[in-house]
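> Structure below; questions to follow.
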Amino acid sequence: MDMDEVLKVFIAESQELLQQMEEALLMLEHAPGDSDTINAIFRAAHTIKGSAGLFGLDAIVAFTHIAESVLDRVRSGELRFDAELTALFLQVRDHLGELVRLVDEGIDLSSLPAEVQPLHTQLGDCLSRYLPSTDSQSQLRATERIERGHEHGLSADHWHISLRFGPDTLRNGMDPLGLFRYLNTFGRIVSLVPVLDRMPAAAEMDPETCYLGFEVAFYSDADKATIDGAFEFVREDSLIRILPPHSKSDQYLELIRALPEEDMRLGEILMRCGTLTATELQEVLHTQVQSQQRAETRPIGQVLMEESLVQPPVIAAALQKQQQIKDNRNNENNLIRVDASKLDRLIDLVGELIIAGAGAQMTAQRCGHSEMQEATEVLSRLVEEVRDSALPLRMVQIGATFNRFQRVVRDVSREISKDIALSISGGETELDKTVVERITDPLTHLVRNAMDHGIEPADKRMANAKPAQGRVWLNAFHDAGSIVIEVGDDGGGLDPQRILAKARERGMLNEGQQLAEKDVFNLIFEPGFSTAEQVSNLSGRGVGMDVVKRNITALRGTIDLDSKLGQGTTVRIRLPLTLAIIDGFLVNVGQASYVIPLELVEECIELNSDEPFERGHLELRGQMLPVVRLRELFEDDSPRPRRESVVVVHQAGLRAGLVVDQLLGEFQTVIKPLSKVFSACPGLGGFTILGDGTVALILDIPSLLGQLTRVSEAPQRARIEA
Amino acid sequence: MNASPRLLAGASAPAGQYLTFTLAREVFAVEIQVVREIIEYGKLTGVPMLPPSILGVINLRGAVVPVIDLGVRFGGSATVIGPRTCIVILEIAQDDGTQVIGMVVDAVNEVRELAAGEIEPAPSFGSHIRADFILGMGKLDERLVVMLDVSRVISAEDRELLGQAQHLAHASGTS
């Protein structure tokens, strides 16, 4: 087993768990004391501790252990998650994240780097304050802590030791009896129950093999290390569980889960664990007999529960164990972790397959062999299915990214002392993993901007009859082949006059130049523009919105903004769903082929040549449609054919017609990355390779639409404003 | 930008292997390290709304590669496609990754070893080619050849495009 590989998994898992922990902690702020959430935090800490132990990361183990102990007290109701404890645990989470990051960087944690050591100790001390006054410092060092003296523990005042000796114990020269004698030197064995479930029939029994197991109730004042030491020489192949006196019921639960016996009857397990006394068990058995007489076979677990003899969680665990024995193997592997680069390779290959398939189909059509054509039809349908099932592999829900902002909003709102709540919707919307990764930074910027500049101070909000608590929201939804992400706030909104004034001051606009309101707002995405009057820690340094816009543009996306003065601002980001393969619509102009993303095509109409369109407009069912000849736009001087067609495209409420020579129909388009030379090219969305090997251009419809509609509407708007 | 330190220091092009080619009856040389392959002039797809120095794109075994016309780039006329016309595929390391680009040449001549003594510093004037495109002058069979700094040629191409795009965006935005 390659340890590096396994360590990578540990790091990935830990990061995931820490993320869950953070989400749970933030949820606790709204619903303190929710036991599911607390358990989730506990589980995360516990798993990290366990896995870290496997890698000998003692610093993480010891640190997490203290945190776990505090969580344990929360779980048992001794502590409550108040704001202070939540804040502390967020810090603990961050610190753990830092430790994991250090591990990822290959830094040896056996001596902590100087920059994390002070925080490590400080957080450890803070946590220890929440623990009962046992020697809290030593807990930092000890990986196993002895739990004793809890008021909420069960009645048993003795240690409980479960022993399952390994088959070679006797052969290794160890004698179980000797162990018990040794135990008696520093304590007293109260009771001892042999577990002989593994004992085979006499004929098959090997006298040299040890089949024994014991459940021991042991009274002693010694500490766990001493007791544990007694089993030092048999530990290797034996199963040993030691529970301190007054252990809590869930520790017994864990014990039940850990024991190997499968067929052991529930009542016996419970009795042997010391949870039930024999009398209690007998009573239970009695009840069961009675119910059997009523011709009802009720499981003993249910009987126990009704009689309130044991706490429900204990039963639940026992029942769960029985269920687990059946399900164990089935449930484990529903999810597979796959290296993203393997997926990328697969998607690349699917892309090549599509191109090759299109080539085969084209050749088949050319030679007119009908069987061949049928075969390629089948093939291309299958390829399409492969594509459709391969692409979603890279799709992830945006919810996880959104949830990260709970923390951002919480921290920032404290920093700038504004009361702001974040609401999230559309988290289940899926988009390409690469897009998700690259959208986080721009989103962070927008959310911070909304909080810092958007939301007004509470007194001003009250004066404007708004709730004192500001609201920022994140929303996502699918729309015509793209995903739309909204970042909104109910703050002060943007003042067009101020933006205009600022733009003039910065020389970005000529005096007297008129702009539509939307264009005024879009000025804030220009480089070097910032309307913040005071420069705060967060934003307002004039770098920002233009960077956001550049990031979005790099993802073939667009960004625009709606704002109402006094009511708030919504920034809308529109992104393509995937960066790899799209359904395209192939058209011809002269010698060249162009691909239009199919989702953007609304309809195709024939252009009546004796109905010339004037000033770039065409009347379509009573509506004016801005129209452009691709031939003219692209300065193609080949002769115009007699018949032309209009492809009506739409996006984000804009519509326009593109006049082309020929409609060639649907085409699965593999997007080839745009070489850097073309990155600044307007109207060019990328390239693709057709079946015959020629290169076709993918049109960047949003940018074309923007150009067209702006050109055609500008005069009208200018008139309205003037 | 990829300013070559050796140029700034006033030094000349390094000795080594150079590919020489002919363009508009003039011989040029490029460092062999940046040449990935040489292919026959083939099916080229034009890209609209670009400066004439970019001829279009080709399909190079599944990758889309832009092709430039150095003749236009150097202020001359467009290269006439003849039977010996080739596309030299260059692979140029830049700050943000490698860029693969093709250039059309009239003919590819040979790969030649140029010793340090055969290389002279770039002339600061007297050439019709922008001085910063020239790495140095190589002496080849008593003839001077222009040693090109292709990364500079290409980044100039990028800049021009960027400028044009901004101009276009500006024009459409304010019209």
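> Sort B:39-45, A:516-522 by the packing proxy (mean of other Cβ within 10 Å over each peptide's residues), most packed first. Walk me through the intermediate numbers first.
Details: B:39-45: 15.0, A:516-522: 16.6.
Packing order, densest peptide first, comes out as A:516-522, B:39-45.
> Tell me, in nm to one decimal, what length is gained between A:Met624 and A:Met508 on full extension, where the rule is 0.36 nm per residue of separation less the Cα-Cα distance? Numbers along the way, then the final one.
On the way: separation 116, 0.36 × 116 = 41.76 nm, distance 3.27 nm.
Result for the pair: 38.5 nm of gain on full extension.
> Evaluate the distance, in nm, between pseudo-label points positioned 7 Å from the Cα of A:Ala463 and of A:His369 along their respective Cα→Cβ axes.
Reported label-point gap for A:Ala463 and A:His369 is 8.3 nm.
> Counting other Cβ atoms within 10 Å, which trypsin sites (Lys or Arg not before Pro) in the stretch A:332-412 have at most 11 and lie in a DSSP loop?
Numbers: sites: A:Arg337, A:Lys342, A:Arg345, A:Arg366, A:Arg381, A:Arg387, A:Arg394, A:Arg404, A:Arg407, A:Arg410; in loops: A:Arg337.
When the trypsin sites (Lys or Arg not before Pro) of the stretch A:332-412 are filtered for loop state and at most 11 Cβ neighbours within 10 Å, A:Arg337 remain.
> Select from the stretch B:28-57 all residues whose loss of accessible area on going from the chain by itself to the full protein assembly reaches 50 Å² or more (probe 1.4 Å).
B:Thr45, B:Pro48, B:Met49
> Mind scanning A:Lys49/A:Lys224; A:Lys502/A:Lys549; A:Lys518/A:Lys672; A:Lys49/A:Lys433 and naming the pairs with a C-alpha gap bigger than 22 Å? Could the numbers behind the result be given before it?
Values: A:Lys49/A:Lys224 20 Å; A:Lys502/A:Lys549 19 Å; A:Lys518/A:Lys672 33 Å; A:Lys49/A:Lys433 29 Å.
Correct reply: A:Lys518/A:Lys672; A:Lys49/A:Lys433.
> Considering the Cα trace of the stretch A:340-393, what is its radius of gyration and what is Dmax, both in angstroms?
Expressed in Å, the Cα Rg and Dmax of the stretch A:340-393 come to 12.9, 42.
> Quick one: with all protein chains in place, what share of the accessible area of the stretch A:3-141 is carbon or sulfur, to the nearest percent (1.4 Å probe)?
Values: 3280 of 6410 Å².
Whole-percent figure for carbon plus sulfur exposure: 51.
> Please compute the volume of the convex hull spanned by the alpha-carbon atoms of the stretch A:1-142 and report it per residue in Å³.
On the way: hull volume 14.1 nm³, N = 142.
Value for the stretch A:1-142: 100 Å³ per residue.
> Moving on to the next point. Around A:Ala400, with a cut-off of 10 angstrom between Cβ atoms, what is the net charge of the other residues, counting Lys and Arg +1 and Asp and Glu -1?
Local charge sum for A:Ala400: -1.
> Additional query: Quick one: ranking A:Phe231, A:Phe214 by accessible area, 1.4 Å probe, largest first, what do you get? Show your work: numbers first, answer last.
Working: A:Phe231 0, A:Phe214 20 Å².
The ordering from most to least exposed comes out as A:Phe214, A:Phe231.
> Sticking with this one: Debye sum, Cα scatterers, the stretch A:337-458, no solvent: what log₁₀ I/I(0) at q = 0.13, 0.14, 0.17 1/Å?
-0.69, -0.74, -0.90
> Okay, next question. Mind grabbing the accessible area of A:Ile336 for me, 1.4 Å probe, Å², rounded to tens?
Only protein atoms counted, so the area is about 140 Å².
> Post the alpha-carbon centroid distance, the stretch A:41-90 to the stretch A:390-466, in whole angstrom.
A separation of 28 Å, based on Cα centres.
> Provide the solvent-accessible area of A:His445, counting protein heavy atoms only and rolling a 1.4 Å probe, rounded to the nearest 10 Å².
Solvent-accessible area, nearest 10 Å²: 60 Å².
> Ordering A:Phe180, A:Phe55 by how much accessible area each has at a 1.4 Å probe, largest first, what is the list?
Details: A:Phe180 20, A:Phe55 45 Å².
Putting A:Phe180, A:Phe55 in descending order of accessible area: A:Phe55, A:Phe180.
> Sorting A:Cys367, A:Cys210, A:Cys126 by accessible area (1.4 Å probe), largest first, what list results?
Numbers: A:Cys367 85, A:Cys210 5, A:Cys126 25 Å².
The ordering from most to least exposed comes out as A:Cys367, A:Cys126, A:Cys210.
> Still on this model: Run the simple label-point estimate for A:Glu232 and A:Asp4 please: 7 Å along Cα→C-beta, distance reported in nm.
Between A:Glu232 and A:Asp4, the label points sit 3.8 nm apart.
> On the full set of protein chains, 1.4 Å probe, figure out the accessible area of A:His478 and give it in Å² to the nearest 10.
Near enough 100 Å² of accessible area.
> Can you work out the FRET efficiency for the pair A:Thr440 and A:Lys564, with r the C-beta to C-beta distance and R0 = 35 Å, to the nearest 0.05?
Working: r = 28 Å, r/R0 = 0.79.
E(calc), rounded to 0.05, equals 0.80.
> If one takes the accessible area of chain B alone plus chain A alone and subtracts that of the pair, with a 1.4 Å probe, what total in Å², rounded to the nearest 100, results?
Chains B and A together bury roughly 2300 Å² of accessible area.
The values are calculated or read from the model by the stated rules, or taken from the named source; none is laboratory data. Treat the numbers as computed from the prediction; the structure is a model and nothing was measured. For neighbour counting, all protein chains shown are included, and Cβ atoms are generated from backbone atoms with ideal geometry for every residue, glycine included. Surface areas here come from the heavy atoms of the whole protein model, side chains and all, with no ligands, DNA or RNA. Shrake-Rupley method; radii C 1.70, N 1.55, O 1.52, S 1.80 Å.
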